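For reference, the structure is listed below as C-alpha cells.
Quick note: the coordinates plus some simple rules give every number you see, no bench work behind them. The shown structure was predicted, so the numbers you read here are calculated from the model rather than taken from an experiment. Cβ coordinates were reconstructed from backbone atoms using ideal geometry, including for glycine residues, and neighbour counts include every protein chain displayed.
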Amino acid sequence: MQRFKDRVVLVTGAGGGIGKASALRIAAEGGAVFCVDLNAATVEATVAAVAAAGGNASGRVCDISSEGDVRACVAACVEQYGSLYALVNMAGVLRFDDTGQLTLGQWQKVIDVNLTGTMLLCREVLPHLLATKGSIVNAASTAALSGLPCGVAYSASKGGVLAMTRSIAIEYAKRGVRANCVCPGEIKTGMTDAVAFPETMDFELISRVMSPTGARGPEVVAGVIAMLASEDGLHITGEDIRVDGGTLS
Ligand SMILES: NC(=O)c1ccc[n+]([C@@H]2O[C@H](COP(=O)([O-])OP(=O)(O)OC[C@H]3O[C@@H](n4cnc5c(N)ncnc54)[C@H](O)[C@@H]3O)[C@@H](O)[C@H]2O)c1
C-alpha cells in the first residue's frame, strides 16, 4: 500500500510510542514524514529508523506548547517539502495526581501540552491543509470518554482535544479538510512505562480502564491513524475511534 506517495505528513511526538510507530507506518506507505518532538535524541532515532527502512524523513525539535516553536516548525516543514497533506498530532504528557493535592502548575502543564499544544499545531497547519484537502488526526484517549481516577488534568485535556477536533471538523468540512481523533486505551509505550501514581491511588479503580486483551504495542494505533489520514478515511470527519481492545465496550 502506498497511500502517502508524494504526500507530506507532520507527526508530533515522533520520538516515541504512537508517534514513532505512525511515522514508520506512513513512511512505509510512501509518505515523507516531518518528525517533531521535544527530545532531540529520540526524534533523530526515529528519522534514522525511517531511513533504515528505506523511507523519507527529517526531524525537528519543537515544544508544542510554545507558539513560537510551533509556528517555526510548521513553516520549516512547508519550506522543506513545499506542501503538507496531514498532521498526526501525538505529542502528549500523562500524570496521575490525587485531585485534592493537584497544584495549579501540574494542571497547567498538562493542559498546555495536551490541549493548547494540539490546538497550536492545528491552527498552524490548517492553511496548508486547505491547499491539499488534507486532514488532522489528534490524540484523544479513552480518558476523554470515561473517568480516569487521579487523572483529572489528563482527562480534561483529552476531553478538550475531542471537542476541539469535532469543532474543527465541522468548521472545515465544506472546504475539504477533515479532522479526527484516535482514543487509545492501554497501549504499551514510554508514557505508560514511566507513569507514577500518588500514594492514595486505588488500583481497583484503575483496573476499569485496562483492556481485556491486555496492553498492545503502538502499531495497533498507527494503523488506524494511517487509515484516517489517508484517502481511505475520505468520508470520516469529526469522528473518534477507540483503539482500546474493547475496554469501554
Ligand atoms: N500509551 C497509551 O496508553 C495512550 C492512551 C491514550 C492516549 N495516548 C495518547 O497518545 C499520544 C502518544 O502517547 P504515547 O503513549 O506514544 O506517549 P510517549 O510518551 O511514548 O510519546 C509521546 C511523545 O511526546 C513527546 N512530547 C512530550 N511533550 C512534548 C512537547 N511539549 N512538545 C513536543 N513533544 C512532546 C515526548 O517526548 C514523547 O516522545 C499522547 O498524546 C497520549 O496522551 C496514549
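Of the numbered criteria (1) assigned to a loop (DSSP other than H, G, I, E, B); (2) away from the ligand (no atom under 11 Å from the Cβ); (3) closer than 24 Å to CYS122 by Cβ; (4) in contact with a helix residue (DSSP H, G or I) (Cβ under 6 Å, 6 or more places away or on another chain), the one MET227 fails is (1). Looking only at segment 190-217, which residues are closer than 18 Å to SER155 by Cβ and within 15 Å of the ligand (Cβ to nearest atom)? Result: MET191, THR192, VAL195, ALA196, PHE197, ILE206, SER207, ARG208, VAL209, MET210, SER211. Of everything in segment 119-142 that is under 20 Å from ALA215 (Cα atoms) and surrounded by 23 or more Cβ atoms within 10 Å (Cβ to Cβ), the residue that is farthest from the ligand (Cβ to nearest atom) is ALA140.
Test of understanding: among VAL88, VAL70, which residue is of a type in the set (Val, Ile, Thr), buried (at least 20 other Cβ atoms within 10 Å of the Cβ), within 16 Å of the ligand (Cβ to nearest atom) and within 14 Å of the chain's Cα centre (by Cα)? Even if it seems obvious, please write down each step before you answer.
Values: VAL70 fails: within 14 Å of the chain's Cα centre (by Cα).
It is VAL88.
Of the residues making up segment 170-198, those that are touching a residue at least 60 places away in the same chain (Cβ under 8 Å) and assigned to a loop (DSSP other than H, G, I, E, B) are GLY185, GLU186, THR189, VAL195, ALA196, PHE197, PRO198.
Set side by side, the residues THR99, THR116, THR103 differ, and just one is within 13 Å of the ligand (Cβ to nearest atom) and farther than 21 Å from ARG25 by Cβ, which is THR116. Scanning segment 1-31 for residues that are farther than 16 Å from MET227 by Cα and assigned to a strand (DSSP E or B) gives a single hit, THR12.
Any chance you could count how many residues in segment 73-82 are within 16 Å of GLY31 (Cβ to Cβ) and surrounded by 16 or more Cβ atoms within 10 Å (Cβ to Cβ)? Steps first, answer last, please.
Applying the first criterion (within 16 Å of GLY31 (Cβ to Cβ)) to segment 73-82 yields 77-78, 80-82.
Pick out the ones that are also surrounded by 16 or more Cβ atoms within 10 Å (Cβ to Cβ) and you get 77-78, 81.
Residues meeting the conditions: 3.
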